[in-house]
Amino acid sequence: MFMFIWLGGTPAQTLLARTFMNKVKIQDLEKVFEPLFYSWRLKRKSKESFGDFTNREVRHISE
């Protein structure tokens, strides 16, 4: 089974999530998310949501 990963949606829904990766195997989800969460923990601005962080720092497929 494959998953599509969308990132960048914000809590207030001012930005919608965008495609980050296509066809990720379920067993690979931890390999994809762990570095993202680690980077968020180190680089996020004060009270910045994960969605706002990924919009600022992560390159999406559509770019």
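The values are calculated or read from the model by the stated rules, or taken from the named source; none is laboratory data. All of these numbers come straight from a predicted model, not from anything done at the bench. Reconstructed Cβ throughout: ideal geometry from the backbone, glycine too, with neighbour counts over all protein chains shown.
If we keep just the residues of segment 11-39 that are among the β-branched types (V, I, T) and either over 15 Å from S49 (Cβ atoms) or in contact with a Ser or Thr (Cβ under 6 Å, 6 or more places away or on another chain) (or both), which is modelled with the lowest pLDDT? Going through the qualifying residues, I end up with T19. Exactly one residue out of R59, R41 is more than 15 Å from M3 (Cβ to Cβ), over 10 Å from the mean Cα position of the chain (by Cα) and surrounded by fewer than 12 Cβ atoms within 10 Å (Cβ to Cβ): that is R41.
Within segment 1-10, the set of residues being farther than 23 Å from S49 by Cα and aromatic (F, W, Y) comprises F2 only. The requirement of being at negative phi, outside any helix (DSSP H, G or I) and more than 10 Å from the chain's Cα centre (by Cα) is fulfilled nowhere in segment 26-35; no residue meets it.
Across segment 15-31, what is the number of residues that are farther than 12 Å from H60 by Cα, among the β-branched types (V, I, T) and out of contact with any helix residue (DSSP H, G or I) (no Cβ under 9 Å at 6 or more places or on another chain)? Residues flagged as farther than 12 Å from H60 by Cα, among the β-branched types (V, I, T) and out of contact with any helix residue (DSSP H, G or I) (no Cβ under 9 Å at 6 or more places or on another chain) within segment 15-31 amount to 1. Tallying residues that are without any contact (Cβ under 8 Å) to a residue 12 or more places away in the chain, of a type in the set (K, R) and in a helix (DSSP H, G or I) within segment 36-63 yields 2. Is it the case that some residue within segment 3-24 is part of a helix (DSSP H, G or I), among the polar types (S, T, N, Q) and on the phi < 0 side of the Ramachandran plot? Checked against the condition, which is being part of a helix (DSSP H, G or I), among the polar types (S, T, N, Q) and on the phi < 0 side of the Ramachandran plot, segment 3-24 yields no hits at all.
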